[in-house]
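Worksheet for the structure shown next.
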Amino acid sequence: FDFCEAEGKKRPSENLGQVLFGERIEPSPYRFTFNKKETCKSVCTKTYDTTKPEDKQKLDFLKKSMLLNYQHHWIVDNMPVTWCYDVEDGQRFCNPGFPIGCYITEDGRPKDACVINSEFHEKDTFYIFNHVDIKIYYHVVENEALGARLVAAKLEPKSYKHTHPDNPDCSGVPMDISNKASGEVKIAYTYSVTFHEEKTIRWASRWDYILESMPHTHIQWFSIMNSLVIVLFLSGMVAMIMLRTLHKDIARYNQMDSTEDAQEEFGWKLVHGDIFRPPRKGMLLSVFLGSGTQILIMTFVTLFFACLGFLSPANRGALMTCAVVLWVLLGTPAGYVAARFYKSFGGEKWKTNVLLTSFLCPGIVFADFFIMNLILWGEGSSAAIPFGTLVAILALWFCISVPLTFIGAYFGFKKNAIEHPVRTNQIPRQIPEQSFYTKPLPGIIMGGILPFGCIFIQLFFILNSIWSHQMYYMFGFLFLVFIILVITCSEATILLCYFHLCAEDYHWQWRSFLTSGFTAVYFLIYAIHYFFSKLQITGTASTILYFGYTMIMVLIFFLFTG
């Protein structure tokens with residue numbers, strides 16, 4: 001963007017989570033000394049001569065970024081610098097970033113941030129925020145010789161056309177760049193700093209300002225209630241079926257003493273000789289189950305830690321780091337579960353099973369990730385992951401995760417196969433003509449709706465925090481929703497499984513996995529809807545990136561729900 005750059009300062013180091021999320025922290029040329037007030041201090045002046053092609057290109061890039069409402073994100077002492085402004089109903093909204101500038105359309109309509117100042121009124125003109133008033137709030141620590149601690153940083157973006165860029169006075173008309181302007185354009189960047197003592201905010205609670213500006217929490221409670229109603233409804237159904245219907249069925253089966261009655265049996269009792277027939281593609285199913293277990297435990301532990309506050313937004317990138325490390329360490333349960341199920345399906349090729357468990361799903365995710373990274377490299381983006389980090393991730397996967405999967409699989413194969421309570425018949429039974437809703441596809445499609453209904457409001461906030469850079473801190477809610485999702489998936493699957501067993505269709509293994517796994521397809525549809533309705537993403541590369549990362553999330557979510 002050709003803003004002022006800091007001379008010869010090293011970049012702060014980042015942890016794994018930040019690198020994976022593409023967060024890069026750059027040093028800044030804005031210099032503060034504690035409690036020293038600065039007014040209208042010059043940082044640097046950029047001059048653009050529109051007759052030169054390279055200068056014109058830089059200026060056009062700057063205009064495009066203002067048109068698309070790009071934001072600065074600044075950090076002081078690990079605190080995001082916020083820009084607070086009044087919205088309707090006398091509320092204040094605090095944004096953890098502030099725009100580069102704004103645009104007044106050809107018919108004189110102010111876009112985005114241009115509404116904050118009535119002086120921005122020239123038509124078809126860009127206004128760049130080249131001056132910032134920064135207020136830094138500190139809390140004096142009593143009874144300790146520590147001095148003071150910074151508790152908040154706020155700023156007001158302003159636009160001034162400095163008459164003397166070398167000796168700026170920060171007054172006068174705003175810095176306008178007309179869209180049709182030619183000749184020389186000079187932009188002088190300046191700042192003012194004031195320090196204020198703040199007695200009410202303690203250092204420990206300095207992150208609470210995020211909560212004030214987020215008026216979304218009442219929607220959250222509404223969505224939790226909505227999910228709980230679905231769960232209660234499902235639990236009631238499951239309980240009713242389990243208690244009443246099964247009780248009646250079993251009583252009816254027990255009354256049949258004579259063999260003549262047994263000829264007219266119907267319902268699930270008839271398939272007892274086929275129910276434990278190994279499924280088709282049992283290898284793939286066992287691999288999916290192993291990977292799903294790994295993701296399930298990883299999500300549970302990550303969210304549990306996040307609820308306790310270890311992974312707050314204050315430790316940048318902690319959430320992602322925690323998830324990756326846990327995923328690597330949880331190779332053992334994956335190998336174990338996959339091996340147990342594969343053995344109970346009567347599988348013999350145990351080496352293939354272990355290799356697929358450790359390489360299939362992680363391999364797909366890594367390949368997708370690698371392709372996305374190649375695109376980022378090609379675009380010269382700062383979010384591209386350095387080669388060293390890729391090697392480090394591969395090392396984590398091959399040197400820690402894979403051996404742990406092998407250990408898990410070894411124990412899984414050593415144990416006896418899961419005993420089935422009934423013998424499987426030699427000859428498979430014929431499956432009668434199914435009614436519409438017990439056919440595999442309609443059943444699977446219906447099964448995904450209920451779990452998705454529980455999570456879709458949370459999904460909106462999570463997608464916002466990933467793509468629109470809003471803070472996500474509602475881990476308590478998310479943990480509740482996670483528990484509700486697990487219960488809903490299980491119960492919906494049990495219900496639909498009972499229905500199709502009653503219709504004498506005994507292929508239940510894949511169907512039970514796909515019934516709740518289909519939630520991921522609804523997630524994908526929602527992500528596509530979000531892309532078209534909420535994001536103004538232009539350009540092929542950005543679109544490919546959005547859908548590439550979405551596909552990773554969908555795959556993980558599919559394994560998890562299944």
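The values are calculated or read from the model by the stated rules, or taken from the named source; none is laboratory data. Bear in mind the structure is a predicted one, so any value in this text is a computation, not a measurement. Cβ placement follows ideal geometry from the backbone for every residue including glycine, while neighbour counts extend to all protein chains displayed. Areas reflect the complete protein model, heavy atoms only, side chains present, ligands, DNA and RNA absent. Shrake-Rupley method; radii C 1.70, N 1.55, O 1.52, S 1.80 Å.
Strictly greater than 23 Å: what percent of every Cα pair in the range 31-210 meets that? Value for the range 31-210: 48 percent of Cα pairs lie more than 23 Å apart. In a reduced charge model with +1 at each Lys and Arg Cβ and -1 at each Asp and Glu Cβ, the chain shows a dipole moment near 1260 debye about its Cα centre.
Counting only protein heavy atoms and a 1.4 Å probe, the chain has 53 square angstrom of accessible area per residue.
The label-point distance for E348 and H196, in a model that sets each label 7 Å from Cα toward Cβ, rounds to 7.8 nm.
Our summary gives the chain a relative contact order of 15 percent, counting only alpha carbon pairs under 8 angstrom and 6 or more residues apart. Calculated from the alpha-carbon coordinates, the chain shows an Rg and a Dmax of 30.1, 107 Å respectively. Which chymotrypsin sites (Phe, Trp or Tyr not before Pro) does the range 303-353 hold that lie in a coil by DSSP with at most 14 other beta carbons within 10 Å? Counting only loop positions with at most 14 other Cβ atoms within 10 Å, the chymotrypsin sites (Phe, Trp or Tyr not before Pro) in the range 303-353 are F310. Charged side chains reduced to their Cβ positions (Lys and Arg at +1, Asp and Glu at -1) give the range 31-210 a dipole of some 380 debye around its Cα centre.
Note on the range 1-78: with charges restricted to the Cβ of Lys and Arg (+1) and Asp and Glu (-1), its dipole about the Cα centre is near 200 debye.
Considering only V151, I116, I128, the residue lying farthest towards the positive end of the dipole of the range 86-202 is V151, judged by Cα position with unit charges set on Cβ. With Cα atoms defining each centre, the range 382-428 and the range 152-173 are spaced 59 Å apart in the structure. Over the range 387-503, with a single point scatterer placed on each C-alpha, what log10 of the ratio I(q)/I(0) does the Debye formula yield at q = 0.09, 0.21 1/Å? Values, matching the q order: -0.56, -1.07. Element breakdown for the range 31-210 at a 1.4 angstrom probe: carbon and sulfur atoms account for 48% of the accessible area.
When you filter the trypsin sites (Lys or Arg not before Pro) in the range 341-450 for DSSP loop state and at most 14 other Cβ atoms inside 10 Å of their Cβ, you are left with K349, K415, R423, R429.
Note on the chain: dipole from Cβ charges, positive end direction compared against F359, S490, V173; the farthest Cα belongs to F359.
By the helix-only formula, in which each DSSP H run with n ≥ 4 contributes -39500 (n - 2.57) and the sum is divided by residues, the chain has a 222 nm mean residue ellipticity of -16000 deg cm²/dmol.
3J(HN,Hα) along the range 308-315: 6, x, 6, 10, 5, x, 5, 8 Hz, from the Karplus curve 6.51 cos²θ - 1.76 cosθ + 1.60 with θ = phi - 60°, whole Hz, x for Gly and Pro.
Measuring between alpha carbons in the structure, the pairs from K63/K158; K37/K111; K10/K199; K9/K41 lying more than 24 angstrom apart are K37/K111; K10/K199. Put simply, the amide H of D176, placed in the peptide plane, has no neighbours under 5 Å, leaving out anything fewer than 5 places away on its chain.
Just the protein heavy atoms count here, and of the accessible area of the range 378-487 at 1.4 Å, carbon and sulfur take up 69 percent. In whole angstrom, the range 450-562 maps to an equivalent ellipsoid with semi-axes of 31, 17, 10, each derived as √(5λ) from the alpha carbon gyration tensor and ordered largest first.
When the charge dipole of the chain is built from unit charges on Cβ atoms (+1 for Lys and Arg, -1 for Asp and Glu) and taken about the Cα centre, the candidate among F475, F310, S182 whose Cα reaches farthest toward its positive end is F310.
Peptides 314-322, 289-297, ordered by how many other C-beta atoms sit within 10 Å of their residues on average, highest first, read 289-297, 314-322.
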